[in-house]
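Asks: I have a structure I would like to understand better, so I am pasting it below and will then ask my questions one at a time.
The values are calculated or read from the model by the stated rules, or taken from the named source; none is laboratory data. Only a predicted model underlies this, so the values are computations on that prediction, with no experimental measurement involved. Reconstructed Cβ throughout: ideal geometry from the backbone, glycine too, with neighbour counts over all protein chains shown. SASA here: full protein model, heavy atoms, side chains in, ligands and nucleic acids out. Shrake-Rupley method; radii C 1.70, N 1.55, O 1.52, S 1.80 Å.
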Amino acid sequence: MRGVDVDFPPMPEPLLISYGSSAYEKKNGRDTLSHLFDAVSDCLQRAGLLPGDVDGLALASFTYPPGNVITLAEHLDMRLRWAEQGAFGGASGVMSVGHAADQIRLGHAKCILCVAGDAFTSGSHEKLLEDFTPAISEHLGPHGFGGANGVLAPLQTRHAALHGTRRDQLGRLCVTQRRHALLNPNALFQTPLTLDEYLEARPIAEPFHLYDCVMPCSGAEAVLVVSDDIAASIGRAGVRVLATREMHNASPGQLSEFSAGWEILGEELWSATGYSPGDMDFAQLYDDYPIVVGLQLEGYGFCGPGECGPFLETTDVSIWGELPINTGGGQLSVGQSGAGGSMIHLVEAVQQLQHEAGERQVDGAQRGLVSGYGLVSYGKGLCTAATVLERANS
Amino acid sequence: MSALVLQRCAECDYIANFWRIGCPRCLGQLAAFDAQGAGVVTTFSIIHRWVARFDEHLPIVLVVVELAEGVEVMASLVGDDRVNVTVGAPVEVAPEGWSSKSQFRLATGSTN
Ligand SMILES: [Zn+2]
């Protein structure tokens, strides 16, 4: 048949091969482009590559506009065959890696850089949140809605009312993530956090108190996905993207539905990979708030529905424990670099699977789950994506 | 603002929980109507910190209300007793609200 490829060549295998971060800093520091450049530079140099080697680029950033993914490519002299502007909040990072892997399988690109980050000044973060989506600026802004804190705290209120979930249960996650952050030089929080300090912290948007909330900061994160032939020439351990799923606006028009689609994503990921939650050596779960981590634990099946409280109370989720969660300290203890928060868990996952996490290395890590969640709008986060990654043993 | 205005579809009776340009279910036209203004709190948060222009209203009680019409809306409560809100508390539209959007108060004869 004319016009149809009858001889399909074997599909290239996409491999995550490198990661990079900019040096995080509090607000009013370097600008967005500086952070994006540092993360790109760190990621490419670790792989021995340069911008001219890149033929695919995904960017997520709230503060880079009017710049976008293509003007970043222009700035860095990249000639692209694929590009994606991630506008999916805390799900942008996982989505970009899933899409990049698919593009490499299709042969449309061979070396795709996924980068995300932001830089904030005083007041710019609140401004971003007040106009985050049309429904927010129109309907929630006039209520003094409290930003993401105010919109998502009701998840915890309802979970507590239905299931008896307690702050001291959720707080254990924050305390553990802080222990991880003490082993991460890029974390902005470098002092230990006790459960008492967590419990006694001042209220922000009850039931959220200070240590339930991420600190907005400036920073950027990047990972690199390449085809297997390029990976072979780089000579670093590769990480396979076994399966990725996404869902958006999982429960249209409903507000008190907890799930952003996690149980459906979970079912499909476990079915596609042949693995189950117990096979994961770690989970990097989007952590704007501990209750959101709890809901992901339930949705993906690490514990039963409604049981995240008792699970976090009785499970060692440290890097030395049964299920290491957010092994780099997560956004809660590193800082939330805007859209960079969608990528920080991928950077940590790749580093762990390349066995380069140093003092915080999960011993012999072979595979893990990475999950993103975000685009907080009218009463809920709209975007969800998750991926299962595995160290390639070649 | 006292009345709670919602939109209903003339074709299929869909009721929108926030303003839509047209009916998401049947693509028909939506028309505004005055809702009963009564509902039940399904969940809430109590906000202690936000941008300075709302300081005089703190703490702000942000609520999800399931309205008598069957849709869930997000709004805030007014009244000195607003922090006594609970999941399941009945609420009604408050005529004395400070927001440009409809606000609610704990209904007379509720928990407090
Ligand atoms: Zn209709």
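Asks: Tell me the carbon and sulfur percent of the accessible area for chain A, rounded to whole percent, probe radius 1.4 Å. Write down the numbers at each step before the final one.
Replies: Working: 7280 of 14340 Å².
Here it works out to 51 percent.
Asks: Per residue, what accessible area does the protein assembly as shown have, given a 1.4 Å probe and all protein chains present, in Å²?
Replies: Solvent-accessible surface per residue comes out at 39 Å².
Asks: In the protein assembly as shown, which cysteines lack any other cysteine Cβ under 4.7 Å from their own?
Replies: Those would be A:43, A:111, A:114, A:174, A:213, A:217, A:303, A:308, A:383, since no other cysteine Cβ in the protein assembly as shown comes under 4.7 Å of theirs.
Asks: Using alpha-carbon positions, what is the distance between the centroids of the range A:272-324 and the range A:340-363, in Å?
Replies: Comparing the Cα centres of the range A:272-324 and the range A:340-363, I get a distance of 17 Å.
Asks: If you count the DSSP beta bridges with both ends in chain A, what percent of them are antiparallel, to the nearest 5?
Replies: Given both bridge residues lie in chain A, the antiparallel proportion sits at roughly 70 percent.
Asks: So, one more: What accessible surface, in Å², does a 1.4 Å probe find on residue A:391, ignoring ligands, DNA and RNA and rounding to the nearest 10?
Replies: So the heavy atoms of residue A:391 present about 50 Å² to solvent.
Asks: A follow-up question, please. Quick check on chain A: helices-only [θ] at 222 nm, where DSSP H runs of length 4 and up contribute -39,500 (n - 2.57) each and the sum goes over total residues. Nearest 500, please.
Replies: Helices in chain A give a 222 nm mean residue ellipticity of -10000 deg cm²/dmol.
Asks: About the Cα centre of the protein assembly as shown, what is the dipole size in debye to 20, counting +1 per Lys and Arg Cβ and -1 per Asp and Glu Cβ, all else neutral?
Replies: 420
Asks: May I ask you to rank B:98, B:19 by accessible area, largest first, using a 1.4 Å probe over the protein chains only?
Replies: In descending accessible area the options line up as B:19, B:98.
Asks: Longer than 26 Å from Cα to Cα, which of A:26/A:110; A:380/B:101; A:127/B:101; A:110/A:380 are they? Say none if no pair is. Write out the running numbers ahead of the final one.
Replies: Details: A:26/A:110 35 Å; A:380/B:101 19 Å; A:127/B:101 20 Å; A:110/A:380 36 Å.
Pairs exceeding the cut-off: A:26/A:110; A:110/A:380.
Asks: Could you tally the net charge around residue A:101, taking each other residue with its Cβ under 14 Å from the Cβ of residue A:101, Lys/Arg +1 and Asp/Glu -1? Mind showing how you got there, number by number?
Replies: Numbers: positive: A:105, A:110, A:240, A:245; negative: A:13, A:84, A:102, A:228, A:246, A:390.
With Lys, Arg at +1 and Asp, Glu at -1, the net is -2.
Asks: While we're on this one: Step through the residues of the range A:225-241 one at a time and calculate ³J(HN,Hα) from phi using the Karplus curve (6.51 cos²θ - 1.76 cosθ + 1.60, θ = phi - 60°), rounding each to whole Hz and writing x for Gly and Pro.
Replies: These are the phi-based 3J(HN,Hα) values: 10, 10, 6, 4, 5, 5, 4, 4, 7, 7, x, 10, 4, x, 10, 7, 9 Hz.
Asks: A follow-up question, please. For the pair A and B, how large is the buried accessible area, both sides, in square angstrom to the nearest 100, if the probe is 1.4 Å?
Replies: 2700
Asks: I want to verify a result. In a Gaussian network model of chain A, Cα cutoff 10 Å, which of these has the top mean-square fluctuation: A:290, A:207, A:185?
Replies: Residue with maximal mean-square fluctuation among A:290, A:207, A:185: A:185.
Asks: Name the long-range amide H neighbours of residue B:91: under 5 Å, sequence gap of 5 or more, or other chain; modelled H, no Pro or chain starts.
Replies: B:39, B:40, B:41, B:107
Asks: Another question, if that's okay. Where is the GNM fluctuation largest for chain B (alpha-carbon springs, 10 angstrom cutoff): B:30, B:77, B:58?
Replies: Judging by the Gaussian network model, the answer is B:58.
Asks: Also: What are the residues of the range B:56-93 that lose 30 Å² or more of accessible area, with a 1.4 Å probe, going from their chain alone to all protein chains?
Replies: B:62, B:72, B:74, B:87
Asks: How high is the relative contact order of chain A, given as a whole-number percent (alpha carbon pairs under 8 Å, six or more residues apart)?
Replies: 26
Asks: Once the other residues with Cβ under 9 Å from the Cβ of residue A:354 are scored (Lys, Arg +1; Asp, Glu -1), what is the net sum? Spell out each step's value before the answer.
Replies: Numbers: positive: A:236, A:391; negative: A:356.
Result for the neighbourhood of residue A:354: +1.
Asks: Compare A:58, A:116, A:250 in a GNM of chain A, Cα atoms joined below 10 Å, and give the one with the largest fluctuation.
Replies: Judging by the Gaussian network model, the answer is A:250.
Asks: Given +1 on the Cβ of Lys and Arg, -1 on the Cβ of Asp and Glu, and no further charges, what dipole in debye does the range A:224-326 carry about its Cα centre, rounded to the nearest 20?
Replies: 300
Asks: By how many degrees, 0 to 90 and rounded to 10, does the Cα axis of helix A:344-353 deviate from the longest principal axis of chain A?
Replies: In chain A, helix A:344-353 runs at an angle near 60 degrees to the longest axis.
Asks: Another question, if that's okay. May I ask you to list the residues of the range A:358-383 whose amide nitrogen lies under 18 Å from a point 7 Å from Cα along the Cα→beta-carbon direction of residue A:393?
Replies: Counting backbone N atoms under 18 Å from the label point, the list is A:362-369.
Asks: Nearest 5 percent is fine: what portion of the DSSP beta bridges confined to the range A:255-394 is antiparallel?
Replies: Within the range A:255-394, antiparallel bridges account for around 65 percent of the total.
Asks: With Cβ to Cβ distances under 13 Å as the rule, what net charge do the other residues near residue B:36 carry (K, R +1; D, E -1)?
Replies: Spelling it out: positives minus negatives among the neighbours equals -3.
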